[in-house]
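Peer 1: Quick one: structure below, then a few questions.
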Amino acid sequence: MFRSWRYSPAAELAGTWGTPAELDKCFARSCEPVRAGVALVNRDRRWVMYDREPLDNWTTGRITLLGDAAHPMVQYLAQGACQAIEDADCLARQLKACDGDIVKAFSAYQAERIPRTAMVQRAARTWGKIWHDNGPVIPLLRDRILTRRERDDYTDLDWLYQARPEAS
């Protein structure tokens, strides 16, 4: 496993992590078709990944947030769009249940969604740290655990996909 770099949000923001030169270096020993593909990657923009600590309020009066506006998260659980869809479903259910009382519906929506999205935000950040850590302990544990698992073993992520009473 390649471990010659370490992810750092500060380095990413400063433009010293994830550069085109680093991309080329990481794939320099790959087969020719991979190197040719990497050379085709557009390099005129960097899309820095942002997240933030979970908020405890998304709503002011008749205005509320959902999706990345409410709970931006890094990509390690591939949950950004999933959580936005869950937000939309919850918001629609609450609007219907509150029979036109927007303030009440928004309050119920965020009360239901904030705990789950906060957990997903934090879990995504933790998985990113696990994937990118190059210290002396975590990579050894990560590699040992993951290489002993079956390819279709997702038990550590079952909580993301289990049915929840509020979504029924």
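Peer 1: Specify which of the listed residues (43, 116) is basic (Lys, Arg) and more than 22 Å from residue 163 (Cβ to Cβ).
Peer 2: Only one candidate qualifies: 43.
Peer 1: Can you give me the number of residues within the stretch 126-148 that are surrounded by 12 or more Cβ atoms within 10 Å (Cβ to Cβ) and either among the basic types (Lys, Arg) or touching a strand residue (DSSP E or B) at 6+ places or on another chain (Cβ under 8 Å) (or both)?
Peer 2: The number of residues fulfilling the criteria is 2.
Peer 1: Turning to a different aspect of this structure: For residue 87, are the conditions met, namely being among the acidic types (Asp, Glu), under 19 Å from the mean Cα position of the chain (by Cα), at pLDDT below 90 and assigned by TED's automatic domain parsing to the domain that holds residue 159? Walk me through it before giving the result.
Peer 2: Working: among the acidic types (Asp, Glu): yes; under 19 Å from the mean Cα position of the chain (by Cα): yes; at pLDDT below 90: no; assigned by TED's automatic domain parsing to the domain that holds residue 159: yes.
Spelling it out, it is not the case that residue 87 is among the acidic types (Asp, Glu), under 19 Å from the mean Cα position of the chain (by Cα), at pLDDT below 90 and assigned by TED's automatic domain parsing to the domain that holds residue 159.
Peer 1: When you go through 53, 22 one by one, which is the residue that is at pLDDT below 90 and either under 25 Å from residue 130 (Cβ atoms) or touching a helix residue (DSSP H, G or I) at 6+ places or on another chain (Cβ under 6 Å) (or both)?
Peer 2: On the way: 53 fails: at pLDDT below 90.
After ruling out the rest, the residue left standing is 22.
Peer 1: So if I check each of 100, 67, which one is at pLDDT 95 or above, at positive phi and not hydroxyl-bearing (Ser, Thr, Tyr)? It would help to see each step written out before you state the result.
Peer 2: On the way: 100 fails: at pLDDT 95 or above.
Exactly one of 100, 67 is at pLDDT 95 or above, at positive phi and not hydroxyl-bearing (Ser, Thr, Tyr), namely 67.
Peer 1: Moving on to the next point. Name every residue in the stretch 138-157 that is under 22 Å from residue 74 (Cβ atoms) and either in a loop (DSSP other than H, G, I, E, B) or not assigned by TED's automatic domain parsing to the domain that holds residue 77 (or both), in order of residue number.
Peer 2: 154
Peer 1: Please tell me if residue 33 is at pLDDT 95 or above and assigned by TED's automatic domain parsing to the domain that holds residue 18.
Peer 2: Values: at pLDDT 95 or above: yes; assigned by TED's automatic domain parsing to the domain that holds residue 18: yes.
When the stated conditions are applied, residue 33 passes them.
Peer 1: What do you reckon, is residue 151 within 17 Å of the chain's Cα centre (by Cα) and either of a type in the set (Gly, Ala, Ser) or under 26 Å from residue 26 (Cβ atoms) (or both)?
Peer 2: no
The values are calculated or read from the model by the stated rules, or taken from the named source; none is laboratory data. Just so you know, these numbers come straight off a predicted model, no measurement behind them. Using ideal geometry, Cβ is built from the backbone for each residue, glycine included, and neighbour counts are taken over all protein chains shown.
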